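Trainee: Could you have a look at this structure, given as structure tokens, before my questions?
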Amino acid sequence: MEKLLTLIIPTYNMERYLRTCLDSLMTDESKDSLEVLIINDGSKDMSSAIGHEYEAKHPNIFRVIDKENGNYGSCINRGLKEATGHFVKILDADDHFDTAALKQFLQDIATIDTDLILTDNTIFGDNDISKKYYGFDLPHSKALNFSDYCSLLKADIQMHNVTYKRSLFSLFDYHQTEGISYTDQEWIFAPMARVRTFTYLPLPLYRYLIGREGQTINPTQMVRSANHNIVLANSMLTEYAEADKTDKNIKAYLEFRLARQVKYLYRIYLAEYSGLDLDRLIAFDQRLMVEHPLLYDETGQRTMGPFIRIKYVDYWRKHHYAPQPHWFYKTFNAYNRMLNISKRLFGFYQV
């Protein structure tokens, strides 16, 4: 019997968090409705052993796939090949689900057949502190036309919110970039071009951990993996070129997500972190100029912020791709620290 939902759990050295993740999936409905694929990405700790322990106890729910290390995207690609559920969702091994919400989710999706299901998420810090809830202001529990709402959702959808109908991936050759981090952005990009219907369930399903040492959003790790963002932006540019853009609203969704990633890329290299190798950024900039001139011009208008109107990308281009002056990075980061303090105090600014 086909399971309702396949969960793909990419796992690399997650022994500290994996039990919490897997325990959160144990509901009365899980036995018949849930397939959990623990994709062990060459872990050097006890992650594989923990996964096999759960597989031995609950073979009708859990399956461990041990593979050589290939980073996040390789786990998703392998999981999609192995998945058998009607729907498919990603759960990172250091995160977990709200078990009560999962129970309700599995009951609800038994009567749903839309291309996409959106659910809510909670962000929390290590030691279960600093909670923040994220939801959507949408009609719920009914089939909706994605084109009618995607322009409203374009800034808010994250990997944590998304469950796809698995058959959606038979419509195109989806391949998540391997060997790099941050490819969760691809998961909410290329497949969305094929989504036509969706359902919103206001359930706090996904609990997303921030602040873990070694996490890819950690500033030290971001500098170390800066070039991954260039690979990702190139991949998204290719995916955009190949996507069906006949629906103007879905096209606008894709353009917004692409622009956000591209602007973030320039910010990392030209405003936040000095000393990074700019050769790959130069090559990307030249490709962007040829393939997406509107976005090229839009990025050129990027400024430091509301009160300092220096167009730092345009400045870099006009100075023949020379490295930014070192003082610029110090000024930019000091300025943004000031704005973030102001935002916390008064709620006026968003950076």
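The values are calculated or read from the model by the stated rules, or taken from the named source; none is laboratory data. What you see is a predicted model, and the numbers here were worked out from it, not measured in a lab. Cβ placement follows ideal geometry from the backbone for every residue including glycine, while neighbour counts extend to all protein chains displayed. Each accessible area value is taken on the protein alone, full model and side chains, heavy atoms only, with ligands, DNA and RNA left out. Shrake-Rupley method; radii C 1.70, N 1.55, O 1.52, S 1.80 Å.
Trainee: Output the strands (runs of 3 or more DSSP E) that fall wholly within segment 48-138 and possess 1 or more residues being touching a Lys or Arg at 6+ places or on another chain (Cβ under 7 Å) and farther than 15 Å from T163 by Cβ, or say none.
Mentor: Fully inside segment 48-138 and qualifying: 62-67, 116-125.
Trainee: With respect to D113, determine if the residue is surrounded by fewer than 21 Cβ atoms within 10 Å (Cβ to Cβ) and either in contact (Cβ under 8 Å) with a residue 24 or more places away in the chain or aromatic (F, W, Y) (or both).
Mentor: Yes; evaluated as a whole, the condition is true for this residue.
Trainee: Sticking with this one: Among the residues of segment 241-259, which ones are without any contact (Cβ under 8 Å) to a residue 60 or more places away in the chain, open to solvent by 50 Å² or more (accessible area, probe 1.4 Å) and under 30 Å from N333 (Cα atoms)?
Mentor: Within segment 241-259, E255 is the sole residue that qualifies.
Trainee: Can you name the residue in segment 33-60 that is touching a helix residue (DSSP H, G or I) at 6+ places or on another chain (Cβ under 6 Å) and not polar (S, T, N, Q) and, of all such residues, is most open to solvent (accessible area, probe 1.4 Å)? Give the steps one after another, and end with the answer.
Mentor: In the first step, residues of segment 33-60 are kept if they are touching a helix residue (DSSP H, G or I) at 6+ places or on another chain (Cβ under 6 Å); the result is 33, 37-41, 45-47, 50, 54, 60.
When the remaining residues are screened for being not polar (S, T, N, Q), the result is 37-39, 41, 45-46, 50, 54.
Numbers: L37: 0, I38: 2, I39: 0, D41: 5, D45: 40, M46: 108, I50: 12, Y54: 20 Å².
Filtering first and then ranking leaves M46.
Trainee: Another question, then. Output the residues belonging to segment 15-27 that are closer than 16 Å to E55 by Cβ, touching a strand residue (DSSP E or B) at 6+ places or on another chain (Cβ under 9 Å) and open to solvent by 10 Å² or more (accessible area, probe 1.4 Å).
Mentor: Going through segment 15-27, the residues closer than 16 Å to E55 by Cβ turn out to be 15, 18-19, 21-23, 25-26.
Now narrow it down to the ones that are touching a strand residue (DSSP E or B) at 6+ places or on another chain (Cβ under 9 Å): 18, 21-23, 25.
Result: D23, single match.
Trainee: Tell me which residues, restricted to segment 281-305, are over 19 Å from W327 (Cα atoms), surrounded by fewer than 18 Cβ atoms within 10 Å (Cβ to Cβ) and not aliphatic (A, V, I, L, M).
Mentor: Keep residues of segment 281-305 that are over 19 Å from W327 (Cα atoms), which gives 281-301.
From the residues that got through so far, the ones that are surrounded by fewer than 18 Cβ atoms within 10 Å (Cβ to Cβ) too are 282-283, 286-287, 289-291, 293-294, 297-298, 301.
Once the filter is applied, which keeps residues that are over 19 Å from W327 (Cα atoms), surrounded by fewer than 18 Cβ atoms within 10 Å (Cβ to Cβ) and not aliphatic (A, V, I, L, M), segment 281-305 yields Q286, R287, E291, P293, D297, E298, Q301.
Trainee: Still on this structure: Considering only residues that are at pLDDT below 95 and open to solvent by less than 30 Å² (accessible area, probe 1.4 Å), look in segment 151-184 and name the one that is farthest from R78 (Cα to Cα).
Mentor: Out of the qualifying residues, it is L153.
Trainee: Regarding segment 341-349, can at least one residue be identified that is in contact with a helix residue (DSSP H, G or I) (Cβ under 6 Å, 6 or more places away or on another chain) and at pLDDT 80 or above?
Mentor: no
Trainee: Then there is this: If S30 satisfies every condition in (1) open to solvent by less than 20 Å² (accessible area, probe 1.4 Å); (2) out of contact with any Gly (no Cβ under 8 Å at 6 or more places or on another chain); (3) closer than 23 Å to T183 by Cβ but one, which is the exception?
Mentor: (3)
Trainee: List pairs: first residue in segment 227-239 and charged (D, E, K, R), second residue part of a helix (DSSP H, G or I) and buried (at least 20 other Cβ atoms within 10 Å of the Cβ) anywhere in the structure, Cβ distance under 6 angstrom, at least six positions apart or on different chains.
Mentor: From segment 227-239, the pairs are E239/A190.
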